[in-house]
Amino acid sequence: MKTLILAVAIRIFIPIFVFFSLYILIRGHNHPGGGFIGGLICAIGFIFHTMTHGPKETSNTFFTVRYYRLTPERGQGFLLHKLIILYKNLFRKEEVRTGSEWHKRQFRIDPIFIIASGLFLATTSGVFSLLANQPYMTGVWADYYLPIIGKPGTPILFDLGVYLLVLGVVLKITFIMAEE
Amino acid sequence: MQHLILVLPLLIPLYGAILCLFFWRKLGVQRVIGVATQLSLCAASAYLLSETDQAGILTTHIGNWEAPFGITLVADLFSSLMVVASAVVGIAVFVFSLRGLSNARLLYGYYPLLLLLQMGVNGVCLTGDLFNLYVWFEVLLICCFVLIALGGSKPQLEGSIKYVTINFLASSFLLIGIGMVYGILGSLNMAELAVLIRAAEDNHGLITLASVFFLIGLGIKSAIFPLFFWLPASYHTPPIAISAFIAGLITKVGLYTLIRLFTLLFVLNQDIVLPLLLVASGLTMVVGVLGAAAQVDFRKILSFHIVSQIGYMLMGLAIFTPLAIAGSIYFIIHNILVKTCLFLISGVVYRTNGSFTLKNLGGVYLFQPLLAAMFVIAAFSLAGIPPLSGFWGKFMLAKAGLEVGQFGLVATSLSVSILTIFSMTKIWNEVFWKKRPRTDVTADAAMAEINVADKPVIRLLHLPVLFLVLAILFIGLYAEPLVSLAFRASEQLLNSEIYINAVLLK
Amino acid sequence: MLIVILAGVLLAFLAPLLYRWLGRYVSIPMALYPLSAFVFLASYLPQVLSGETINVVYRWAPALNINLHFYIDGLSLFFALLVTGFGTLIMIYAGGYLKGDPLLGRFYLYLTLFMVAMAGVVLSGNIFCLFVFWELTSLSSYLLIGYKHNKQESRDAALQALMVTGAGGMALMAGLLLLGMAGETYTLSDLLHKRELVTSHDLYLPLLVLILIGAFTKSAQFPFHFWLPNAMAAPTPVSAYLHSATMVKAGIYLLARLTPVLGGTEVWHYSLMTAGGITTLLGALLAIQHTDLKAILAYTTISALGILVTMTGIGSAPALQAMLVFLLAHALYKGTLFLVAGNVDHATGTREIGQLQGLGKGMKTTAVAAMLAAMSMAGVLPFFGFIGKELLYEAALGATAFKAVLFAVSFFSGMVFAAVALVLGYQLFWRRKARPTPLRHSLSPALFWPPLILASTGLVFGLFPAPLVTPVLRRAAEAMLGVEQLFELALWHGFTLVLGLSLLTLLMGYVVYRYSKRLLSYSSRFNILYKLGPDRVYGLAIKGLLLGSTSLTRIIQNGYLRVYITVMIITLIGLLVLVKNQSQLELDLSQSTVTIMDVRLYEVVLFILILPALLFLIRVRSRLTSIAILGMIGYSGALYFVLFGAPDVAATQLLIETMTVVVFVLVLHKLPQFRFVGSRFQRIRYMIVSVLFGAMMTYVTLLVKQYPLVSGLKTFYGENSYLLGHGRNIVNVILVDFRALDTLGETTVLGVAAIGIYAMLKLRMDKDH
Amino acid sequence: MDILLPVLVGFLFAAGLYLILHRHFFKLIIGMMLFGLATNMFLFVIGRLTRGNTAIIAGTDQVASEPFADPVPQALLLTAIVIGFGVQAFAIVLIKRVYQVFGTNDLDDLDKTDRIHEKYPDKASE
């Protein structure tokens, strides 16, 4: 399976898969599609990648956040320190990469985290209405329409949660099984 | 306010589980989250119970969709009682598993699984929607699957295969039943279905036919006589903390659902269904207790007794009078506590003596008097010796049975309770009174080692057992609150109008 | 009242702690409790003697009409004083008897618990309150009999006692429930006036039988007597207190208590008299066959219990009076003798009468106590036992029916009692022999004072019956008879027939004693009785239970998954067929001919494709092929979904099917080739079950589809999905809004499955393989 | 079409059950999947069928116009399919582990936990 062409092709395909799946997700409220199908489609892209490159590689390429870290200065607040790191990493890439006081770090996103965030999003999307003394999961809707999505509201958020969860689940399963 | 308190028993464990998942590899953090979650769950369920006690049936329409169209959560006394029982058992098992389970297992998601299982149980108890019920059952079931297999030791795997296959079939039957109900009546909301069923004229038979699928599906889940085989094959295999929780709670959830559905929905053609239940309950008792009498393993005896006790709970439903249903409710709550307690005791015994086999055990009476005392209380509670908790349930059921002239069934139930005493004393004789067998030198050595090294651990393990024993003593010695709650709960169950009105006429 | 009970329970549970703090002096606080209870109860004496009854009610479980109701009248006060008074002495005695035993604290726990329970039984004014305490006595008796827990025989005896009395307890529970139904109340004082209602009720016979079983098991009546001798495995204080003076008399108390409600009918008379008579005889017969001190005492106790039941059965005023007097006399002397036996055992280490002789010198006080008690037992003149025996004979002779039999039975037992009294009061201590049995140690005062006090009480009561016991006994008899009693107890009645008979009894007792060795040699012929006796039956029953349950469980729980599933499916099919037949459901295809035949060509093609695929799937051996076929079937299902307007379902089905195939290929590609296992017969059997099930499902589907479906949900969702749910794809709106809770559950299932798969593949605790 | 799909459902159930009753692990798991599919089809069929018209409100309409397929069974079905997938995926992995640990693919070899006197080493669980 590990042919070069396929390997390269997959690399190109993955963004396509991701975008297509997002499209399926957001059109789901009005046309066939939705979070579940979207999540699965997105995952399939990664499955192909895993099958050709192995789970380690997939995880390294797509699910590892590399960033640079600064040792905190004395007297600097915790939050401020983190904010500086975030800011520099996002907008001052060059400065950070060359700066000698910055250390390279990486953080692997376990698919379990994706599952947890998906579940969190889906659960929390319904909580807002509770605060307004409405039943759980009462839809909160915006007043305007967006293209493709239609009206944005908490059920869309819920669908996004489903999407993430399905993605996480399928990735987790594939990774473990491929490792075996 | 009722919007919040009805979803809290679902949201608290769910959020707890999500947080645990975020801290996937950090056991310390998970423990803190777990404690906080369990405590708040306890508080929330207690509050729910007191609210339902005062304000009657509570409902919330999820998503603010009016009753038959969305999913409605309903809490009456019976469901609140179940939620409280699950929270109590949950906190006991949680404390036990702080030290009673190897870290390897804990690292593979034990805490989130336990919490999600609790969410599933609460969901089943609180939902007022037939399909939603199925979904919660599946949540609960997959958690059980994973927990029973967690660790992958040989007996666990073997038990899991049977557990998974048979419960998969049970869920399918449940789903088939739900599909049929929708196909016949075109609704899923239990209150509306109750109205439709009572108004239905030409398809009584069809609805009864659908109820057969529920009977079989839930019968499998609650381990009724010809359907219980999976239980003794699997319940004793996982680590004791898991066994205790699942054994204590899950079959009773099946029974809860049976009682709920057969009092609310399938009240037609009772002349066909109730005699069947009657026979099934008698046979369940007898076969379960005989199975227990044959066993030589602490946990297996307890497992078979679950089956036997299920017979009692079913008996109440089969008799179908207010007193009988109240008896069943009392019995379910009592049994949840007692069974969990006994399983946990077997776990402590294993931890300190290194075996579950009666032959290899002995002498606990001398060395661990507190444990012995707690076992006596729990065991004789199970056997129904007054004034311990089992007696009250048995009393109510026997009285109800005699009142409707079911002498045979009452005689069976009383004889079964003799045999229950027999197997409980068997455990007591072998594990507690008997001299520790000298042949098993390794266990002795292990015992000495554990006793020196793990004193605080052992003490911690005693804690949840003590907690449950106190709970058992409370509902036994001061039975009135629970008994009258059970009475009122059974009134609510039998007067379906209250339920229907609460859900439909908001 | 409640405070007495609660204080007892509290003290009981404190006993192990107290023992830790106080050591051997623990017996002082433990004895103080029954003493103060005795005093407290005695303070009710004036009221009760003046004819009042006292009701104290505490709400306990009013929802079930079970309350902590204490009812004090002559009968209950009599028993309660006996229990607490005796209890005080036993507490002191036990402290001496079990001195230095590490488990003494627990012993006191059980004993105090028992005492409380026993007091509860006799003081209860609610039949279920009584039952609660009744069962507690069984439980504490179990723990006490098994006190020497290292010995197999102790454990077995404890279990046996519990099983027998427990079974009796269950019968009693059912009986009391029925009694409550018949009498429409659980309150004793109300029940006492409902004799007509109860005895004429349809349930009278069953409830009587059940209650009698309860009482008989507790009071060791034939055929349930066998547990009592075995229960002598308990330490002696227990034997003296529970199995002679108090607990076994709970059954008698119950019978006496319920005499006004249940008594007076023929069934009552005859069943009590029969059971009591047989027990009396049997106990006496077995007593002279044994050589173990405690066994002898146990069998004479059984015999005495038999007499008590017989007297209750006769039910006439003299009989009931005799019953009460004899009960008290028996408690006094038998308790003493048990304690004496305990002392002997303690001092010499044996209880075999053959090995015991000339003990009088070493243990004078005990010997005196033994002698006093023995004389009371034999019925010698100035003792209380004499009065008891006189009254017994009078009552037997005054009975309306079976006079001769009743008298013969009492006479026989009196004779045996006299013989046994000679053994205990004379032979052990005073008979001249060359070498007295050596004593291991001398006895502490705690061991010889209690028996001495008990025995002298017997003497004092005998000398002054009128002021000391008569008033109480009168009120007690009143409680049973319901009319005022004016009898006087007196030691001397003049030269009457009964006195002559008493003397004859003594004489015959001496003869029996003299020729006991010869009699014993005959007794081996009775061995056959043991073989068929109830003890044996019990043993066989337990064995049979184990054997039967093992083989039954082997058959039912056979370990074969496919058998389990087959049973379940057959149950399902059976129930479906049953319900179908009962409710006359008929499938009528002709009604919907039009829709049935409304079939498109491509649907048929798809159908025709799936069928052979299914058949092939069943037969195929290769794994990959079966996965492929399975995938194909799944895709065909998806096509059907597309055809019937469910694009979302179809898409999901397609993707899931793909995922499944992927998982399959990844996971199961290493499994070995199929072997075809299972015989042809099995396969055919399963084939039949499967086909039946499939046919059933088709039938059910068609049956449901026969009726039109009116779905309010469909209409509502169609109308409101866009307006309220802001989405045009109704299915999606249902999933994320109308029924979002389902979806939340569903995603949870997926998440858990992922965790489960992860744990399953990564975590391997089993290192054996 | 009223007759065709019910018959198909029956066939699926029968085949699924037959495979579940088989002694071989692999057949068992295939049987479970077929049974699941059968249940899903049953759910679909029992909710009545409408050809062609999806449950989607057309471009400019506010309200779905009849005839349209009943969306309720579809939604239930979707949920059931997904749940079924979760359970079945777990079952597949379970089967695999059982095979690895026990080295057999015959279900009849797994009868130890039911046996009365069969003793597994205690140490595996705590």
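Numerical summary
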quantity: Loop-resident sites, the range C:457-506, for GluC sites (Glu not before Pro), counting at most 12 other Cβ within 10 Å (DSSP); calculated: C:484, C:488
quantity: Chain B: angle of helix B:369-383 to the longest principal axis, Cα-based, in degrees nearest 10; calculated: 30 degrees
quantity: Residue-averaged beta-carbon neighbours from other chains (10 angstrom radius) around B:376-387; calculated: 4
quantity: Interchain or long-range residues, amide H under 5 Å from residue A:136's placed H; calculated: B:63
quantity: Sequence-distant aspartates and glutamates (8 or more away, or on other chains) whose Cα lies within less than 16 Å of residue B:394; calculated: B:403, B:480, C:135
quantity: Computed FRET value (nearest 0.05) for residue B:459 with residue C:184, which takes r as the C-beta separation and R₀ as 56 Å; calculated: 0.60
quantity: Set of the range C:372-404 residues, backbone N closer than 17 Å to the point 7 Å along the Cα-Cβ line of residue C:507; calculated: C:379-381
quantity: Relative contact order (percent, whole number), the range D:16-75, Cα cutoff 8 Å, 6+ residue spacing; calculated: 25 percent
quantity: Under-5 Å amide H pairs with residue C:124, H placed in peptide plane, nonlocal only; calculated: C:71
quantity: Cleavage-rule hits (GluC sites (Glu not before Pro)) in the range A:43-140: DSSP loop, at most 16 neighbouring Cβ within 10 angstrom; calculated: A:73, A:101
quantity: In degrees, nearest ten, helix C:104-123 long axis to first principal axis of chain C (Cα); calculated: 90 degrees
quantity: C-alpha long axis of helix C:601-619 to longest principal axis of chain C, angle in °; calculated: 50 degrees
quantity: Cα-projected label distance for residue C:200 with residue A:80, points at 7 Å along beta-carbon direction, nm; calculated: 9.9 nm
quantity: Per-residue average of Cβ from other chains inside 10 Å of B:223-231; calculated: 4
quantity: Calculated [θ] (222 nm, deg cm²/dmol) that DSSP helices of n ≥ 4 give over chain C, each run adding -39,500 (n - 2.57); calculated: -23500 deg cm²/dmol
quantity: Per-residue mean of C-beta atoms belonging to partner chains within 10 Å, peptide A:160-170; calculated: 5
quantity: Packing-based order for B:229-238, D:6-15, C:203-212, using average beta carbon neighbours within 10 Å, highest first; calculated: B:229-238, D:6-15, C:203-212
quantity: Sequence ranges C:555-561, C:616-622, A:21-27, B:208-214, ranked by mean other-Cβ count within 10 angstrom, highest first; calculated: B:208-214, A:21-27, C:555-561, C:616-622
quantity: Sequence-distant lysines (8 or more away, or on other chains) whose Cα lies within less than 30 Å of residue C:580; calculated: B:221, B:252, C:705, C:714
quantity: Under 5 Å, built H, 5+ apart or other chain: amide partners of residue A:151; calculated: A:146
quantity: Accessible area of the range C:449-590 divided out per residue, in Å², using a probe of 1.4 angstrom; calculated: 56 Å²
quantity: Mean projected area (nm²) of the alpha-carbon convex hull when chain B is viewed from all directions; calculated: 21.3 nm²
quantity: Carbon + sulfur, % of accessible area of the range B:2-504 - ligands and nucleic acids excluded, 1.4 Å; calculated: 67 percent
quantity: Where labels lie 7 Å past Cα in the beta-carbon direction, separation of residue A:70 and residue C:21 in nm; calculated: 6.7 nm
quantity: Radius ratio Rg over Rh of the protein assembly as shown, counting only Cα atoms, Kirkwood formula for Rh; calculated: 1.05
quantity: Helix-only mean residue ellipticity at 222 nm for chain B, each DSSP H run of n ≥ 4 adding -39500 (n - 2.57), per residue, nearest 500; calculated: -26500 deg cm²/dmol
quantity: Relative contact order [Cα under 8 Å, 6+ residues apart], chain B, whole percent; calculated: 16 percent
quantity: Shape of the range C:26-93, Cα gyration tensor, a/c cut at 1.5; calculated: oblate
quantity: Förster radius 25 Å - calculated FRET efficiency between residue B:359 and residue D:109, Cβ distance, rounded to 0.05; calculated: 0.45
quantity: Protection-proxy order for peptides B:320-330, C:641-651, each taking the mean of Cβ atoms within 10 Å per residue, highest first; calculated: B:320-330, C:641-651
quantity: Length-normalised contact order of chain C in % [C-alpha pairs under 8 Å, at least 6 apart]; calculated: 10 percent
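The values are calculated or read from the model by the stated rules, or taken from the named source; none is laboratory data. Being a predicted model, the structure only gives us computed values, none of them experimental. Neighbour counts run over all protein chains shown; Cβ positions are idealised from the backbone, glycine included. Keep in mind that these areas ignore ligands, DNA and RNA; they rest on the heavy atoms of the full protein, side chains included. Shrake-Rupley method; radii C 1.70, N 1.55, O 1.52, S 1.80 Å.
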